[in-house]
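Data first, discussion second: the structure below is written as structure tokens.
The values are calculated or read from the model by the stated rules, or taken from the named source; none is laboratory data. Keep in mind that what you see is a predicted model, and the values were worked out from it rather than measured. We place every Cβ from the backbone using ideal geometry, glycine too, and count neighbours over all the protein chains shown. Ligands, DNA and RNA are excluded from the accessible area calculation, which covers all protein heavy atoms including side chains. Shrake-Rupley method; radii C 1.70, N 1.55, O 1.52, S 1.80 Å.
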Amino acid sequence: MRNVDLPRIFQYIGGTIKGLNAIPTEVGGMPDHIHILTTLPKLMTVADFVRYIKANSSKWIRQLDIAYKDFAWQDGYGAFSVSPTLLGKIINYIRRQEEHHKKRTFEDEYKLFLKHYGIAYDEKFAFNDEG
């Protein structure tokens, strides 16, 4: 998603989340990935929540410009719970993505995160929608 108004997309996603009666604390990221810090709707699974956000935002993004007529989010996603004591740290992390990724790619950072927390993953599927 190069040369697109990311803050506008993040704002749209935040509005979509509010429409589901959830609270979008922070939405941000980079052209190749986004982070969403939010509560979940009480009667919706994480998978349905992510599917709804992706479906609605991709439809909206495709309408922004002919250049995005084939836009689609990747199939996968990561979802993690966050301790209320860490909310400030997570908000700061999301807001500083551009600075943060000057040092490390998203993929490298994600792998380190998974390793640090002992989360097993298969390289074949983790970063490849065709796996």
Q: For the chain, with a Gaussian network of springs between Cα atoms less than 10 Å apart, report the residue from Tyr68, Tyr121, Tyr12 with the top mean-square fluctuation.
A: Tyr121
Q | Arg51-Tyr117 pseudo-label distance in nm [points 7 Å out on the Cα-to-Cβ vector] | A | 2.3 nm
Q | Distance from segment 110-125 to segment 18-54 (C-alpha centre basis), Å | A | 22 Å
Q. Comparing His116, His100, His33, which has the greatest mean-square fluctuation in the GNM of the chain with Cα pairs linked when under 10 Å apart?
A. His116
Q) Which value, to two decimals, describes the C-alpha radius of gyration of the chain once divided by 2.2 N^0.38 Å? A) 1.07
Q. Which one of Thr105, Ser58, Ile91 is farthest out on the positive end of the charge dipole of segment 1-106, using unit charges on Cβ (Lys, Arg +1; Asp, Glu -1) and the Cα centre as origin?
A. Ile91
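Which whole-number percent is the relative contact order of the chain (Cα, under 8 Å, 6+ apart)?
Over the chain, the number comes to 20 percent.
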Q: Search the structure for amide H atoms under 5 Å from the amide H of Thr25, placed 1.01 Å from N in the peptide plane, and list their residues when 5 or more places away or on another chain.
A: Leu37, Thr38, Thr39
Q | Potential lengthening between Gln63 and Lys124 on full extension [0.36 nm per residue; Cα-Cα distance subtracted] | A | 18.7 nm
Q) What residue among Thr105, Thr16, Thr25 has the largest mean-square fluctuation in a Gaussian network model of the chain, using Cα springs under 10 Å? A) Thr105
Q.
Leaving out ligands, DNA and RNA, and with a 1.4 Å probe, what % of the accessible surface on segment 48-110 is carbon or sulfur?
A. 51 percent
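Just to confirm, what accessible area per residue do you get for segment 1-117 at 1.4 Å probe, in whole Å²?
Numbers: 8100 Å² over 117 residues.
Result: 69 Å² per residue.
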Q: With only Lys, Arg, Asp and Glu charged, each at its Cβ (+1 for the first two, -1 for the last two), find how big the charge dipole of the chain is about the Cα centre; round to the nearest 20 debye.
A: 420 debye
